Structures are given as C-alpha cells and as structure tokens.
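Asks: Please find one structure pasted underneath; my questions will follow.
The values are calculated or read from the model by the stated rules, or taken from the named source; none is laboratory data. Small disclaimer: the values here were computed from a predicted structure and weren't measured. In this analysis, Cβ positions are derived from the backbone assuming ideal geometry, glycine residues included, and neighbour counts consider all displayed protein chains. SASA here: full protein model, heavy atoms, side chains in, ligands and nucleic acids out. Shrake-Rupley method; radii C 1.70, N 1.55, O 1.52, S 1.80 Å.
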Amino acid sequence: TAAAAAASTALSTLPSRRDDVYAAVVAAKFGADASLTPRDQLRRDYKQFDAMRIGMSSITESLPALVARCCGDDGGDGASAALVRHLEAWRALCGVDVLVVMAAIRTPAFARQLLLYAPYEHRG
C-alpha cells in the first residue's frame, strides 16, 4: 500500500538521523569540559564510595590536557604541581583518602586514561 511504502521510506532515513543525533550528543559531551576549570571538571561527574573513602571523577578530556589547563594556576612551580594542588584541594573538600580520575577521550577512537591520587603522609 501507499502508506506502507511511505513508512518504509521514512524508516530508511532514520539511521542517518540517529547517527547525526548521536554525533551531536558525543560532540557536546566531549566538548563540554573545554570551558571548565580543573575543579569543575573533577566535580562534574563525581562519585564517592564512603565504605573505602574513595572518590571518583570522570572527565571528557585527556589527562595531559587537564595538566595543560592547570598552567594558568601554576604559581611558578609548573603545571604538574598545580595539578597536584587541584587534586589535593578536591580530595580534601570531598573528605576522601583516595581520588580516582577517569578520562574518557576520543582520539579518534574511544579510550580511557586513569589517574590515581593518594597523598603520601609520612608517619615517622
């Protein structure tokens, strides 16, 4: 029937529309962190596990990009030291012993990077 043919034609275009919507969502998700401060990136997708006092932040840019973002906050001692200050401030604010940062990146394939931050406390 004509209705079935029209429905078939309409349905045949859905995958490309679905792909376009998916591409737009992924672009928005992975572009969202570009304007965020390091603290806001860590806060955006944060989970905490109180039984072990572990906090987990998910970000959508690479760890080197996060380090580079800290350059403006380096206080003259380098981006790595600035990153440690951001991590320590966020860990202390959340009241956890260990902070995990999971980076989800597309370069162009999807990949993950993991950073584990647990400050050393000398007990001597």
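Asks: Could you say whether any residue in segment 78-89 is modelled with pLDDT of 90 or more and loosely packed, with under 14 Cβ neighbours inside 10 Å?
Replies: yes
Asks: Moving to a separate point now. Return the residue satisfying two criteria in turn: it lies in segment 2-55 and is at pLDDT 70 or above and polar (S, T, N, Q), and of such residues it is surrounded by the fewest Cβ atoms within 10 Å (Cβ to Cβ).
Replies: Ser35
Asks: In this structure, does Asp97 turn out to be acidic (Asp, Glu) and at pLDDT 85 or above?
Replies: Here the answer is yes, as Asp97 does meet what is asked.
Asks: What are the residues in segment 108-124 that are open to solvent by 100 Å² or more (accessible area, probe 1.4 Å) and not in a loop (DSSP other than H, G, I, E, B), if any?
Replies: Once the filter is applied, which keeps residues that are open to solvent by 100 Å² or more (accessible area, probe 1.4 Å) and not in a loop (DSSP other than H, G, I, E, B), segment 108-124 yields Phe110, Arg112, Leu114, Leu116.
Asks: Of the conditions (1) within 18 Å of the chain's Cα centre (by Cα); (2) exposed (fewer than 13 other Cβ atoms within 10 Å of the Cβ); (3) not basic (Lys, Arg), Ser62 fails just one. Which one is it?
Replies: (2)
Asks: Is it fair to say Ser58 is at pLDDT 75 or above and polar (S, T, N, Q)?
Replies: yes
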